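Colleague: Let me begin by handing over the structure; questions about it come next.
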Amino acid sequence: MPGVLISFEGTEGCGKSTQITLLAERLYSLGRDVRLVREPGGTPIGEEIRHTLKHSAKNEAMTAEAELLLMNASRAQLVREVLRPALQAGEVVLCDRYYDSTTAYQGYGRGLDLKLVEAVIEFAVGRTRPDLTLLLQVPAEVSEARLASRQSTLPFIRDRIEQADRNFFERVKKGYEAIAAADRKRIKVIDAARTVDAVSADIWQAVEPLIK
């Protein structure tokens with residue numbers, strides 16, 4: 001069977017982790033080989049970069065340009081070390097964020113030139129593009145409430161990107177909307193403010209044709 005690359009996108013607290021786990025379990029039950037990866041990260045080098053980007057106590061002064069390049073350094077390693085071999089082996093790869101996140105966060109959110117962002121992404125990924133992207137959307141107030149709940153129930157780990165203000169995340173949300181409007185064939189928008197089961201059902205409806 002050919003490999004399939006499915007990316008999950010959305011703002012903070014949209015439920016990606018839960019839905020990726022549910023989809024992976026369903027695919028396992030069908031006998032498919034499944035690979036779960038996350039961005040930034042997914043490789044030993046990528047995880048080091050992830051720490052620098054998100055959790056390091058020394059990242060306060062990081063510029064938008066440095067953030068863009070580090071994100072794509074992690075991505076370039078992931079593509080060559082994990083994604084391409086997994087797809088060649090016929091696996092279903094579920095990616096918690098991929099390059100649309102960079103367009104939304106570093107392009108629209110940070111205000112970097114979109115053509116420059118696209119050029120850096122192109123260099124990092126080449127032809128390794130998702131067969132399907134699931135964009136989980138929730139209102140800003142839902143995102144904030146879920147994020148606050150997560151931080152109150154889990155050991156606190158500082159996340160530089162999560163600390164951005166509401167205006168930043170509003171720009172990110174509008175960025176995702178623009179990305180989805182420009183590529184309706186690849187990107188399936190999912191209303192993720194509903195129950196877990198309802199969201200999971202919509203995701204499976206989008207995924208099933210690729211698997212069969």
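The values are calculated or read from the model by the stated rules, or taken from the named source; none is laboratory data. Quick caveat, the model's predicted, so the values are computed rather than measured. Glycine also receives a Cβ, built like all others from the backbone with ideal geometry; neighbour counts cover every protein chain displayed. Ligands, DNA and RNA are excluded from the accessible area calculation, which covers all protein heavy atoms including side chains. Shrake-Rupley method; radii C 1.70, N 1.55, O 1.52, S 1.80 Å.
Colleague: May I ask you to verify whether Ala86 is in contact with a Gly (Cβ under 7 Å, 6 or more places away or on another chain), of a type outside the set (D, E, K, R) and under 18 Å from Leu210 (Cβ atoms)?
Modeller: Answer is yes for this residue.
Colleague: For the subset of the stretch 96-118 comprising residues that are under 17 Å from Ser74 (Cα atoms) and of a type in the set (D, E, K, R), which member is surrounded by the fewest Cβ atoms within 10 Å (Cβ to Cβ)?
Modeller: Looking at residues that are under 17 Å from Ser74 (Cα atoms) and of a type in the set (D, E, K, R), I get Glu118.
Colleague: Right, here's the next one. Within the stretch 184-212, how many residues are under 17 Å from Leu5 (Cβ atoms), out of contact with any helix residue (DSSP H, G or I) (no Cβ under 8 Å at 6 or more places or on another chain), outside any helix (DSSP H, G or I) and open to solvent by 50 Å² or more (accessible area, probe 1.4 Å)?
Modeller: Total satisfying the criteria: 2.
Colleague: Hey, another quick one. Go through the stretch 7-23 and count every residue that is surrounded by 24 or more Cβ atoms within 10 Å (Cβ to Cβ) and either among the acidic types (Asp, Glu) or without any contact (Cβ under 8 Å) to a residue 12 or more places away in the chain (or both).
Modeller: So the answer is 1.
Colleague: Among the numbered criteria (1) open to solvent by less than 40 Å² (accessible area, probe 1.4 Å); (2) under 19 Å from Ser7 (Cβ atoms), which single criterion is violated by Ala73?
Modeller: (1)
Colleague: With respect to Thr128, determine if the residue is part of a loop (DSSP other than H, G, I, E, B) and either surrounded by 17 or more Cβ atoms within 10 Å (Cβ to Cβ) or within 15 Å of the chain's Cα centre (by Cα) (or both).
Modeller: Yes, satisfied.
Colleague: Restricting the stretch 24-48 to residues that are within 18 Å of Pro130 (Cα to Cα), without any contact (Cβ under 8 Å) to a residue 60 or more places away in the chain and open to solvent by 80 Å² or more (accessible area, probe 1.4 Å), which is nearest to the chain's Cα centre (by Cα)?
Modeller: Among those that are within 18 Å of Pro130 (Cα to Cα), without any contact (Cβ under 8 Å) to a residue 60 or more places away in the chain and open to solvent by 80 Å² or more (accessible area, probe 1.4 Å), it is Arg38.
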